[in-house]
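Asker: Structure below; questions to follow.
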Amino acid sequence: MNTNELILAYLDIWNERDPGAREELMSSVLTEDSVYADPDYAGLRGHAELSAAIGRAHQKFGDLRFTLDTVLGTHHDHALFTWNLGTVATGYDAVEFSGDRIRKVVGFFA
């Protein structure tokens, strides 16, 4: 996958409502030791912690879906992009890649 495809696949994880299907996506997109942080979470480690947080987000945000807005830049093993959650929220994510998967995500709400 190229960088854009990997970012889109990462957003698919956030949009997936079925925990089993979400885990399959995580296995192909995120490293096993992946780390996620945003203003609500100091540092979720691994697939199970992130999947639980995504499940809580689905309860909070209903049918809203994450979409990619703009990939602002990429260099070496990093990318910065903006996203939208329906029309109610936007944010920035900085990701770090390890090979062909994402190892770390740091999110910011706009």
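The values are calculated or read from the model by the stated rules, or taken from the named source; none is laboratory data. Keep in mind that this is a model prediction, so the values were computed, not measured. We place every Cβ from the backbone using ideal geometry, glycine too, and count neighbours over all the protein chains shown. Surface accessibility is based on the protein's heavy atoms, side chains included, excluding ligands, DNA and RNA. Shrake-Rupley method; radii C 1.70, N 1.55, O 1.52, S 1.80 Å.
Asker: If you go through the range 16-35, how many residues are in a helix (DSSP H, G or I), open to solvent by 20 Å² or more (accessible area, probe 1.4 Å) and farther than 16 Å from VAL95 by Cβ?
Answerer: Here is the first cut: in the range 16-35, the ones in a helix (DSSP H, G or I) are 19-29.
Subset that is open to solvent by 20 Å² or more (accessible area, probe 1.4 Å): 19-21, 23-25, 27-28.
Keeping just the survivors that are farther than 16 Å from VAL95 by Cβ gives 19-21, 23-24, 27.
Matching residues across the range 16-35 total 6.
Asker: Whether any residue in the range 70-80 is more than 14 Å from the chain's Cα centre (by Cα), polar (S, T, N, Q) and closer than 18 Å to PHE108 by Cβ is what I want to check.
Answerer: Yes, there is a match, as at least one residue in the range 70-80 is more than 14 Å from the chain's Cα centre (by Cα), polar (S, T, N, Q) and closer than 18 Å to PHE108 by Cβ.
Asker: Tally time: how many residues in the range 36-61 are among the aromatic types (Phe, Trp, Tyr) and open to solvent by 20 Å² or more (accessible area, probe 1.4 Å)? So that I can check it myself, show each step before the final result.
Answerer: Here is the first cut: in the range 36-61, the residues among the aromatic types (Phe, Trp, Tyr) are 36, 41, 61.
Checking the rest, the ones that are also open to solvent by 20 Å² or more (accessible area, probe 1.4 Å) come to 41, 61.
Matching residues across the range 36-61 total 2.
Asker: Tally the residues that are among the hydroxyl-bearing types (Ser, Thr, Tyr), open to solvent by 50 Å² or more (accessible area, probe 1.4 Å), at pLDDT 95 or above and farther than 20 Å from SER28 by Cβ, restricting the search to the range 75-110.
Answerer: Applying the first criterion (among the hydroxyl-bearing types (Ser, Thr, Tyr)) to the range 75-110 yields 82, 87, 90, 92, 98.
With open to solvent by 50 Å² or more (accessible area, probe 1.4 Å) added as a condition, the list becomes 87, 90, 92, 98.
Still in the running and at pLDDT 95 or above: 90, 92, 98.
The next check asks that each one be farther than 20 Å from SER28 by Cβ; those that pass are 90, 92.
Result for the range 75-110: 2.
Asker: Six or more apart or on different chains, Cβ atoms under 7 Å: show the pairs whose first residue is in the range 52-65 and touching a residue at least 12 places away in the same chain (Cβ under 8 Å) and whose second is basic (Lys, Arg) and open to solvent by 50 Å² or more (accessible area, probe 1.4 Å).
Answerer: Between residues of the range 52-65 that are touching a residue at least 12 places away in the same chain (Cβ under 8 Å) and residues that are basic (Lys, Arg) and open to solvent by 50 Å² or more (accessible area, probe 1.4 Å), the close pairs are HIS58/ARG17.
Asker: State whether the residues of the range 40-61 include one that is closer than 20 Å to MET1 by Cβ and β-branched (Val, Ile, Thr).
Answerer: No, there is no match, as no residue in the range 40-61 is closer than 20 Å to MET1 by Cβ and β-branched (Val, Ile, Thr).
Asker: Something else: Check off (1) under 18 Å from HIS78 (Cα atoms); (2) in contact with a strand residue (DSSP E or B) (Cβ under 8 Å, 6 or more places away or on another chain) for ARG45 and give me the number that stays unchecked.
Answerer: That leaves (1) as the condition not met.
Asker: Is it the case, given these coordinates, that ALA9 is open to solvent by less than 20 Å² (accessible area, probe 1.4 Å), modelled with pLDDT under 95 and closer than 19 Å to THR82 by Cβ?
Answerer: On the way: open to solvent by less than 20 Å² (accessible area, probe 1.4 Å): yes; modelled with pLDDT under 95: no; closer than 19 Å to THR82 by Cβ: yes.
So ALA9 fails the test.
Asker: Quick check, is ARG65 of a type in the set (Lys, Arg), open to solvent by 20 Å² or more (accessible area, probe 1.4 Å), farther than 15 Å from ILE13 by Cα and modelled with pLDDT of 95 or more?
Answerer: Details: of a type in the set (Lys, Arg): yes; open to solvent by 20 Å² or more (accessible area, probe 1.4 Å): yes; farther than 15 Å from ILE13 by Cα: no; modelled with pLDDT of 95 or more: yes.
No; evaluated as a whole, the condition is false for this residue.
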